[in-house]
Amino acid sequence: MTVGMVFLLWSMNVFIEAVGLGNSSCSGAAAVCGNVTIPYPFGIEPGCFFDDSFAIYCNNTLGSPKPFLRRLDLEVLDISLEGTLRVNYPMSWWCPYGRSTPNVSLASSPFVFSKLRNIFVAMGCANVAYLLSSDG
């Protein structure tokens with residue numbers, strides 16, 4: 001099961017205009033994968049994204065095309081140039097005598113969790129839930 005998660009980006013429009021960036025090596029039109037528009041600095045084709053953190057692959061093996069962040073392998077639901085990237089983030093669990101799921105780390109990426117657009121929920125009896133930050 002996955003849940004929608006919102007990552008914050010810096011203000012993409014301001015950043016792109018301030019440093020004069022654009023996907024000049026590409027057609028100039030935003031790429032599309034499934035029903036998601038992929039604007040620069042994200043991109044699908046080599047040379048059409050800012051760096052590897054913004055590279056997206058279009059997975060066509062799931063029935064209908066779905067975009068995924070290459071480095072984090074998270075399905076992209078929406079990209080807003082106002083500063084948000086919405087993804088399907090896997091639910092995590094840990095059982096002391098059972099199996100657990102791996103967590104996705106944002107430590108090596110330019111993305112952070114949105115404090116305003118996410119809800120952190122712990123379910124169960126006598127449980128402990130926490131988020132860890134790499135900077136303490």
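The values are calculated or read from the model by the stated rules, or taken from the named source; none is laboratory data. Here the structure is a predicted model, which is why all the values come from computation and not from measurement. Cβ coordinates were reconstructed from backbone atoms using ideal geometry, including for glycine residues, and neighbour counts include every protein chain displayed. Quick note on the areas: whole protein, heavy atoms, side chains included, nothing else; ligands and nucleic acids left out. Shrake-Rupley method; radii C 1.70, N 1.55, O 1.52, S 1.80 Å.
Multiplying the sequence separation of Cys125 and Asn103 by 0.36 nm and subtracting their Cα-Cα distance, what value in nm do you get?
Taking 0.36 nm per residue and subtracting the Cα distance, the gain is 5.8 nm.
Give me D for the stretch 41-86 in µm² s⁻¹, whole number, from Stokes-Einstein with Rh from the Kirkwood sum over alpha-carbon pairs, 4 °C and 1.567 mPa s.
For the chosen part, D equals 119 µm²/s.
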- Query: Rounded to the nearest 0.05, what FRET efficiency is calculated for Trp94 and Thr37 with R0 set to 41 Å and r the Cβ-Cβ distance?
  - Reply: 0.65
- Query: Roughly how compact is the stretch 97-136, stated as its Cα Rg over 2.2 N^0.38 Å to two decimals?
  - Reply: 1.44
- Accessible surface of the stretch 43-136 [probe 1.4 Å, protein heavy atoms]: carbon and sulfur percent: 56
- Sorted on mean Cβ neighbours within 10 Å (highest first), peptides 118-131, 69-82 come out as 69-82, 118-131
- Would you grab the residues whose amide H sits under 5 Å from the one on Asn59? Only those 5+ places off in sequence or on another chain, please, with H modelled 1.01 Å from N. Lys66, Phe68
- Note on the structure: Under 5 Å from the placed amide H of Tyr89, counting only residues 5+ away or on other chains, we find Val3, Gly4, Met5
